[in-house]
Amino acid sequence: MMIDSEEALRIILENRIDFGTEPVPLSDAIGRILAEDLLADRPLPPFDRVCMDGIAIPHDSFANGQRHFEVEKIGAAGQPQQTLNDSSKCIEVMTGAVLPKGTDTVIRYEDLKPKDEGFEVMIQAKPKANIHFQGEDLAKGGLLIPKGQRIKAIDINLLASVGKDEVEVKRLPKVAVISSGDELVEVNEVPEAHQIRRSNVHMILARLKELGIRGQDFHITDDREDIAATFERISADFDVLMMSGGVSKGAFDFIPAVLDELGFIKLFHGVQQRPGKPIWTGRKGNAMVFAFPGNPVSTLACFHQYVMPWLNACMGHDTEHRMKVQLRNEVLFKPDLTYFAQAKISFNEEGTCEAEVIHGHGSGDLKNPSSMDGFIVLPRGKETYSAGEVYDFIPFYPLFP
Ligand code: AMP
Ligand code: MG
């Protein structure tokens, strides 16, 4: 009895592997998964910060009716805290300066008129205006970014501000991407009439690259000995082996049998889904194998349904690989399989994300997915999927940070 795609995903997630952590320089941290909770080493902001250019005054003087303030001195960013000695005067302050002692209100130049040796206040000044108070955003020791988050450019700002010139991140897995099949030739070769270029591996390598992972490229022929020899040679060097082709029911689909002989423990072979039904997955110690059927759309579906969430789980990365969307057009699908239907997404007038299914010409059609955004996941146990119903959607490209 073949398992369904939700059960398969559950098994995959149970088989998460911890790749460990490593320090990287701040300049290489973008896109990596943070492996430590990032804490504030000082309050944020670290002092009462003036946040407009203008003057700082004691609000009491203003409340008592004073409107003209003579400038006692200047308080610029980068100067230690100044003190206003005469409470009937003001200190001319710049954005980023420490709020001077003896003042509690900042008035912008836009609300002042220069007069005599100082300024006339032209507005009804509010106490505590234009000050970003110490610790207002976060207290010292507070949590800035929890571990497990993918580091985005804005996070680099936080990392830098708390002095992290080196950041502890999750180690990336070493991935081998292996094509199989005697019909395959290199990208730079001109195929004979019966041959095709081994395009899938490059799609997987590119998708991995989008996740910051540099995969290594291999090829095996449809020869049992070659498959076994290649696996024996390389499997110890990688955390993950991703293959495309050679797992279906064809006479030359030797991969499951060879992996079994080499001691890989099968997790499952075959899932009630289309495309990607013949997928084989297995594990030997801390090495994981994902063997996808070779058709490009099958490879694409299996990669996104299983590998993406598995990688996130392995790295403790707290994110979703799918989101809910509304089906835009009715789909009829009779087989008792979960249908990963190719779809284009858009937002309707109400702001709802809709997915329009455009089937393409089956799992060998590599042109159709190029104009699609991802798969809408139509669960088995139904034949008619009506417009307006809500289903999971898995994007083909990075949509979730
Ligand atoms: P298989 O899963 O080996 O039965 O292959 C299914 C189909 O996918 C066949 O038409 C293969 O020629 C094709 N195929 C297999 N590997 C690749 C690849 N790396 N790139 C493009 N097409 C492939
Ligand atoms: Mg093949």
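Quick rundown of the values:
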quantity: Distance histogram in 10 Å bins (all Cα pairs of the stretch 172-254, percent per bin); calculated: 17, 47, 31, 5
quantity: Rounded to 10°, Cα long-axis angle of helix 199-210 versus longest principal axis of the chain; calculated: 20
quantity: Cut-off 12 Å between beta-carbons: net charge of the residues surrounding Gly246, Lys and Arg +1, Asp and Glu -1; calculated: -4
quantity: Gaussian network model of the chain, Cα within-10 Å springs - most flexible of Tyr385, Tyr109, Tyr339; calculated: Tyr109
quantity: Accessible solvent surface per residue of the stretch 323-395, calculated while the other protein chains remain in place, 1.4 angstrom probe, Å²; calculated: 50
quantity: Cα long-axis angle, helix 5-14 against the chain (0 to 90 degrees, to the nearest 10); calculated: 70
quantity: Projected area, mean over directions - the stretch 240-338, Cα convex hull, nm²; calculated: 7.8
quantity: Helix-only CD estimate at 222 nm, as mean residue ellipticity for the chain, using -39500 (n - 2.57) per DSSP H run (n ≥ 4); calculated: -4500 deg cm²/dmol
quantity: Gain on full stretching of the segment that runs from Ala229 to Lys126 - 0.36 nm per residue minus C-alpha separation; calculated: 29.3 nm
quantity: Length added when fully stretched, Tyr397-Leu332, from 0.36 nm per residue minus Cα-Cα; calculated: 20.8 nm
quantity: Cα centroid separation - the stretch 77-100 against the stretch 1-71, whole Å; calculated: 28
quantity: Highest-fluctuation residue, His68, His219, His317 considered, GNM on the chain with Cα pairs under 10 Å; calculated: His68
quantity: Options Ile17, Ile151, Tyr385, ranked by Cα towards positive dipole end of the chain, top entry (Cβ charges); calculated: Tyr385
quantity: Cα gyration tensor, the stretch 49-132 - rounded (a/c under 1.5), prolate or oblate; calculated: rounded
quantity: Inter-label distance, nm, simple model (7 Å from Cα along the C-beta direction), Ala206/Ala63; calculated: 6.6
quantity: Accessible-area composition of the stretch 258-297, carbon plus sulfur, in percent [1.4 Å probe]; calculated: 46
quantity: The stretch 190-224-the stretch 121-144 distance, computed between alpha-carbon centres (Å); calculated: 55
quantity: Size descriptor, Kirkwood hydrodynamic radius, that averages inverse alpha-carbon separations across the stretch 323-395, Å; calculated: 12.3
quantity: Degrees between helix 224-234 axis and first principal axis of the chain (Cα, 0 to 90, nearest 10); calculated: 30
quantity: Estimated inter-spin distance, Ser346 and Ile265, nm [label 7 Å along Cα→Cβ]; calculated: 5.0
quantity: DSSP-loop GluC sites (Glu not before Pro) across the stretch 1-42, with at most 15 other Cβ within 10 angstrom; calculated: Glu36
quantity: Lys, Arg +1 and Asp, Glu -1 on Cβ, resulting dipole of the chain about Cα centre, debye, nearest 20; calculated: 340
quantity: Length released on extending from Leu138 to Ser87, taking residue separation times 0.36 nm less the Cα-Cα span; calculated: 15.2 nm
quantity: Net charge, Asn329 excluded, C-beta distance under 10 Å - Lys, Arg +1, Asp, Glu -1; calculated: -2
quantity: Percent breakdown of C-alpha pair distances by 10 Å bin, ordered from the shortest bin, for the chain; calculated: 5, 18, 21, 17, 12, 9, 9, 7, 2, 0
quantity: Computed P(r) (all Cα pairs; the stretch 209-248; 5 Å bins; percent); calculated: 5, 18, 29, 25, 13, 7, 2
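The values are calculated or read from the model by the stated rules, or taken from the named source; none is laboratory data. The shown structure was predicted, so the numbers you read here are calculated from the model rather than taken from an experiment. Cβ atoms come from the backbone with ideal geometry, glycine included; neighbour counts cover every protein chain shown. We work out accessible area using only protein heavy atoms, side chains counted, and drop any ligands, DNA or RNA first. Shrake-Rupley method; radii C 1.70, N 1.55, O 1.52, S 1.80 Å.
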